[in-house]
Each structure stands twice: as structure tokens, then as C-alpha cells.
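Accompanying notes for the structure given below.
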């Protein structure tokens, strides 16, 4: 599921894992290195401060993950340098039972806000990227379950 406007974009997917597992994949360097196209080769430089490179242009990128594991909520402060980060992306994971799904399911959501200076082309790229990333997240979590227990594969 996706929704967008001129200033906000949302991408969500139902994932076949408990909320804790999905949240860890969304907020840890090992998970981000697999799904975040703007943070390839992601490495944790300091606690919650990640450095990576954009798959699009190779530019160095920095993200500070301000997470609240009790609420399965994370804010990603993004930028080209660790001292110039702004809160642009929010991730939220909702446990499946809260919405009538199973205990081993959850809803993962990425929410992006558009800065005033972002071009239309760059905004379109961000929206398409998030739609791809939410699918990567779901498929990576699904594959992980399948390798553990083939009967859980969808």
C-alpha cells in the first residue's frame, strides 16, 4: 500500500514476522544495508549513527536512527554529514494482533516528508524508492522465515 501528496509519502506492507523482528530489520545497520537503497554498505559509526552510500549516485549518506523500541517507532535523521541531519523519514511497525492479523505478522510503514528545497525529480525518486524498499523489507523478512521453516513461506 502506498499513498502520497506533494509533501508526504507513505509505503506499507504486511510482513510475516513478529513486530520485534521487523523493527530490528528496519533500524539496525545489518538490516538497513540490505533494504535501504540510499544507505548501501551501511555501517554503524557510533551507536545509532549509520554511514552508507547512495545506490543512485554513490554519494556518502548519514542517518541517525532515533528509535523507540517500546512503540516500534523510529525517526531517521538524514543528511550528507553527521552534523547536518534533519528528521525526514519515520518508520512504524504495528503488531499484527493490534489490527486483527496473526501474532507472527506485523504492518511495517515508511513515512517520508518532503523538504521545501527538494526538486520534483528527487521527490519522485524518493517515493519510488520507498515503494521498492517496503517490498524489499517484506521479501527479506519472508525469505528469512522460509529458510528457518519452509512451511512458513508464502
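The values are calculated or read from the model by the stated rules, or taken from the named source; none is laboratory data. Everything quoted here is computed from the prediction, not taken from an experiment. Don't worry about glycine lacking a Cβ; one is built from the backbone with ideal geometry, like all the others, and counts go over all protein chains shown.
Quick notes on this one:
- Residue within region 19-27 that is in contact with a strand residue (DSSP E or B) (Cβ under 7 Å, 6 or more places away or on another chain) and surrounded by fewer than 19 Cβ atoms within 10 Å (Cβ to Cβ) present: no
Residues checked against (1) within 14 Å of the chain's Cα centre (by Cα); (2) under 20 Å from residue 130 (Cα atoms):
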site	(1), (2)
23	yes, yes
26	yes, yes
31	yes, yes
55	no, yes
97	no, no
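- A count restricted to region 79-91 and to residues that are within 23 Å of residue 107 (Cβ to Cβ) and surrounded by fewer than 20 Cβ atoms within 10 Å (Cβ to Cβ) stands at 3.
- Residue that is surrounded by the fewest Cβ atoms within 10 Å (Cβ to Cβ) [pool: residues in region 94-113 that are part of a helix (DSSP H, G or I) and touching a strand residue (DSSP E or B) at 6+ places or on another chain (Cβ under 8 Å)]: 99
- Close contacts from region 116-133, counting a first residue that is surrounded by 14 or more Cβ atoms within 10 Å (Cβ to Cβ) and a second that is assigned to a helix (DSSP H, G or I), with Cβ to Cβ under 9 Å and a gap of 6+ residues or different chains, come to 118/126; 133/35.
- Boolean, residue 112 is modelled with pLDDT under 95 and farther than 16 Å from residue 45 by Cα: no
- Only one of the numbered conditions (1) in contact with a strand residue (DSSP E or B) (Cβ under 9 Å, 6 or more places away or on another chain); (2) under 15 Å from residue 9 (Cβ atoms) is not met by residue 122, and that is (1).
- Of all the residues in region 36-87, those that are assigned to a loop (DSSP other than H, G, I, E, B) and free of Cβ contacts under 8 Å to residues at least 60 places away in the same chain number 18.
- Only one of 133, 139, 121 that is in contact with a helix residue (DSSP H, G or I) (Cβ under 7 Å, 6 or more places away or on another chain) and in a helix (DSSP H, G or I): 133
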